[in-house]
Amino acid sequence: MAMKSLLQRVLAAGAALSISLTLTTTTAAVAASTATGAPAVLTGPQLAASWTGPLSTRGRYIVDANGGRFKLKAGNWAGAQGTWEGSGSTTDPANNQAGQVSYNIPLGLDRAPMADILAGFHRLGINSVRLPFANALIHDTAAVPDAAVTANPQLRGRTPLQVYDAVVAALTADGFAVILNNHTTSYRFCCGLDGNERWNSGQSTQAWEDDWVFLVNRYKANKRVVGADLRNEVRRDTWDDPNWGLGDAHDEFSAFEEAGNRILQADPDMLVVMEGINWYGIPAAGFSHGRPQLTPVRTLSHTLIDSGKLVYSAHFYGYTGPANTGAGSGPGSTGDPRYQDFTPDQLAQVVDDEALFVTQSGQHFTAPVWISEFGAGGRGDTDAKEHAWFDAFTAILAAHDTDFAIWPLVGWQNAGVPNDSWALLHFDTAGRALSLEDPGDWRAEYWNRLVSAPSATGRIAPVTHWNLLDLDHADFDVSRRMLSLPDWSGGNRKANCPDGQRVVGLGRGSSRGLCTDATEPATAAGDWVTVTDERYVRSDWASGYNKLQCPDNTFAVGYSVRSNAMSALLCAPAAAPLPTGGRNVWFDHGDNRPATGGSQASDWAPGSYKGQCADNEYLAGVAYTWKWLHYGVPDAVLCRPLG
């Protein structure tokens, strides 16, 4: 959609949440709405006093422990993912990205005291830092060379992980929120066929998850370590594409679902940040290829064991595109348009299609979207198309009130000439800083406009959740209670809503389900009931059909299937009596969903008819049959009022 439509969505969401939100309605107005001077600078104590961890989500917004909006105004402090480019000596600048040797720790610790680096971050107006790391860092027992920490001698003799610890501690003590980012497996940088393409490149999925649980537990007591960004830019390797929901070893959806829930079991306070697919296919004419980003989330979104902890993320660079790798020539280059080739309105449409649609309220996929990487060459860069793209893109982020993190924060410089002009802060060997805010960096105007743009502030009202259950390939148990108990439907695929939610809809033949906490009845103490037959059916509400029905005063919170045929319902007791009247919702010949209500504008079971109770109803039963070649899939649900 065009910029105006994007803003109308934001304004509508703001009105619904009764929050303070002032946004303009055109790119030009956004550009004119804020001063182009440097952003307001908070000291460490001021920043620390401005928010309280941990963080969670309410609809499209991230909030702090008091429910106040906490917008991620962030940057990437790169280095601990490695800067070596794959050949020659790892410590030769010629073999490292932009001639900068990170020694596998956050870049710049050899050049400037950590306090000076953090002071530079404050001057940029950021409140949070995405801190990349390699899995290799967790297992590296060798001390970093003294040359790696020349400007921070207190770090001599420490391993890369211990240096990372010190950086995390310094950032959080100075008020910054820290999001841990698993960027790479090895220390090799970046970003094509480098052995780091997937979470299980060069390691097993189990090892990757174990590393995450180790790291989350390591920082569990520090509530300013707020998030786990699961993996950077998942993409095709030499032979295989990642996928979203096929249930195999390359299934990003399933791997991220499992890892996210393991992280929350270790630390329920963490945000779980998930990117979409960054690249699939062979980038050549005649082959299917592209950059799906978050588009698969439209029909298959994640449901975590704790609602209010999921953040989706995406990356945008002007020189890449929806089907363009960014290669200038040779292998991997195509004639597909780049993001910088689009007009501002076209770019707004593309960014919405690939990412920002996720912020639409009341859908199964609704979540904050964090643009966790974007950027452009700064000082000395003369690419007019890239300049125009950066202007237009930052205007979109400002207009949509989007959480963001620029890439990268820190780089080297020599006599005022940056090694990597993309960085915002450059340090020479004497520790002298060259900042984006110093004269001569064309990006300053647009960066300052973005950081200072009007935003939703204050308390964000709690929201109703809508969550998808996916039994396409395996169990989908996102109930903490049921995960702690024995298998309640042996031999069948089982789905359970998160605790505090109930089943409100089923897909016919797809085994998909929909959960909600809309007008959720309180749950009583006592056992949950597994229903496998008709013993609780009080009247024949679906004559000629098999029926599974919850006992009176209980409501469905889970179900199981064999193949796609109904096997059982899981029913939770209500704390107060529930009405026993109701209505049949048949969906054997087409969708039967409320005209208004939850997830109405999104398809949570594509290709299947869907039956869904109203927001103020509970699902009490399911009817199915093996006659007429229906194969036992659900044909109707019994919906009863909640009051």
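The values are calculated or read from the model by the stated rules, or taken from the named source; none is laboratory data. Keep in mind that what you see is a predicted model, and the values were worked out from it rather than measured. As a convention, Cβ positions derive from the backbone with ideal geometry for all residues, glycine included, and neighbour counts pool all protein chains shown. Heads up: the accessible areas ignore ligands, DNA and RNA and are worked out on the full protein's heavy atoms, side chains in. Shrake-Rupley method; radii C 1.70, N 1.55, O 1.52, S 1.80 Å.
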Next item on the list: Using only Cα atoms, locate the centre of the range 366-431 and the centre of the range 155-188, then give the distance between them in Å, rounded to an integer.
Entry: 21
Next item on the list: Could you name the aspartates and glutamates whose alpha carbon sits less than 16 Å from that of Lys610, not counting residues in the same chain fewer than 8 places away?
Entry: Asp470, Asp472, Asp588, Asp591, Asp635
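What's the carbon and sulfur percent of the chain's accessible surface, probe 1.4 angstrom, rounded to a whole number? Before the final figure, lay out each step's value.
Numbers: 11710 of 22260 Å².
Ligands and nucleic acids excluded, carbon and sulfur reach 53 percent.
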Next item on the list: Give me the accessible area per residue for the range 204-287, probe 1.4 Å, as a whole number in Å².
Entry: 35
Margin query: Can you tell me the orientation of helix 205-218 relative to the chain, as the angle in degrees between its alpha-carbon axis and the longest Cα principal axis, to the nearest 10?
Written below: 70
Next item on the list: Starting at the first residue of the range 414-425, write each ³J(HN,Hα) from the Karplus equation 6.51 cos²θ - 1.76 cosθ + 1.60 with θ = phi - 60°, in whole Hz, x for Gly and Pro.
Entry: 9, 6, x, 10, x, 5, 10, 5, 5, 5, 9, 10
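Taking a 26 Å limit on the Cα-Cα distance, which of the listed pairs Lys71/Lys385; Lys220/Lys494; Lys71/Lys223 fall beyond it?
Pairs exceeding the cut-off: Lys71/Lys385; Lys220/Lys494.
Provide Trp442, Trp586, Trp389 ordered by accessible surface of protein heavy atoms (probe 1.4 Å), highest first. Don't skip to the answer; put the middle values down first.
Working: Trp442 50, Trp586 85, Trp389 10 Å².
Greatest to least solvent exposure: Trp586, Trp442, Trp389.
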Notebook entry, point to check: Relative to the longest principal Cα axis of the chain, at what angle does helix 3-17 sit, 0 to 90 degrees, rounded to 10?
Noted result: 60
Next item on the list: May I ask you to rank Lys223, Lys610 by accessible area, largest first, using a 1.4 Å probe over the protein chains only?
Entry: Lys223, Lys610
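When the chain is fully extended, how far beyond the present Cα-Cα distance does Thr382 get from Gln600, taking 0.36 nm per residue of separation? Intermediate results must be reported in sequence, preceding the final value.
Values: separation 218, 0.36 × 218 = 78.48 nm, distance 4.69 nm.
73.8 nm is the gain from fully extending Thr382 to Gln600.
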Next item on the list: Would you calculate the separation in nanometres between label points at Thr429 and Arg262, each defined as 7 Å from the Cα along the Cα-to-beta-carbon direction?
Entry: 4.4
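Extension gain Ala147-Arg583, at 0.36 nm per residue separation less the Cα-Cα distance, in nm? Walk me through the intermediate numbers first.
Working: separation 436, 0.36 × 436 = 156.96 nm, distance 7.34 nm.
Answer, rounded to one decimal: 149.6 nm.
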Item checked: Cβ-derived FRET efficiency at R0 22 Å, Leu193 paired with Gln346, nearest 0.05 -> 0.15
Margin query: So, for the range 46-143, what is the accessible surface per residue at a probe of 1.4 Å, expressed in square angstrom?
Written below: 29
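Highest mean first, how do 352-358, 420-426 rank when packing is the count of other Cβ atoms within 10 Å averaged over residues? Intermediate results must be reported in sequence, preceding the final value.
On the way: 352-358: 21.9, 420-426: 25.1.
The most tightly packed comes first, giving 420-426, 352-358.
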Notebook entry, point to check: Which of the following values of Cα extents along the principal axes in Å was calculated from the structure shown: [x] 85, 55, 53; [y] 91, 62, 47; [z] 84, 59, 54?
Noted result: [x]
Next item on the list: Would you check the accessible area of Tyr631, probe 1.4 Å, heavy atoms only, in square angstrom rounded to 10?
Entry: 130
Next item on the list: Report, to the nearest 10°, how far helix 114-124 tilts away from the longest principal axis of the Cα atoms in the chain, using its own Cα long axis and a range of 0 to 90°.
Entry: 70
Next item on the list: With a 1.4 Å probe and all protein chains in place, put Asp269, Asp229 in order of accessible area, largest first.
Entry: Asp269, Asp229
Check: If you roll a 1.4 Å probe over the heavy atoms of the protein chains, what accessible area per residue do you get for the range 342-393, in Å²?
Finding: 28
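From the Cα gyration tensor of the range 68-215, with a ≥ b ≥ c the square roots of its eigenvalues, which class applies: rounded if a/c is under 1.5, or else prolate if a/b is larger than b/c, or else oblate? Please list the in-between numbers first.
On the way: a/c = 1.57, a/b = 1.17, b/c = 1.34.
Here the range 68-215 falls in the oblate category.
Can you tell me how much longer the chain between Asn66 and Asp240 gets when fully stretched, taken as 0.36 nm per residue apart minus their C-alpha distance, in nm with one decimal? Each step should come with its number before you reach the end.
Numbers: separation 174, 0.36 × 174 = 62.64 nm, distance 4.46 nm.
Here the segment from Asn66 to Asp240 would lengthen by 58.2 nm.
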Notebook entry, point to check: For the pair Ser89 and Asp248, how long in nm is the line joining their label points, each one 7 Å along Cα→Cβ?
Noted result: 4.4
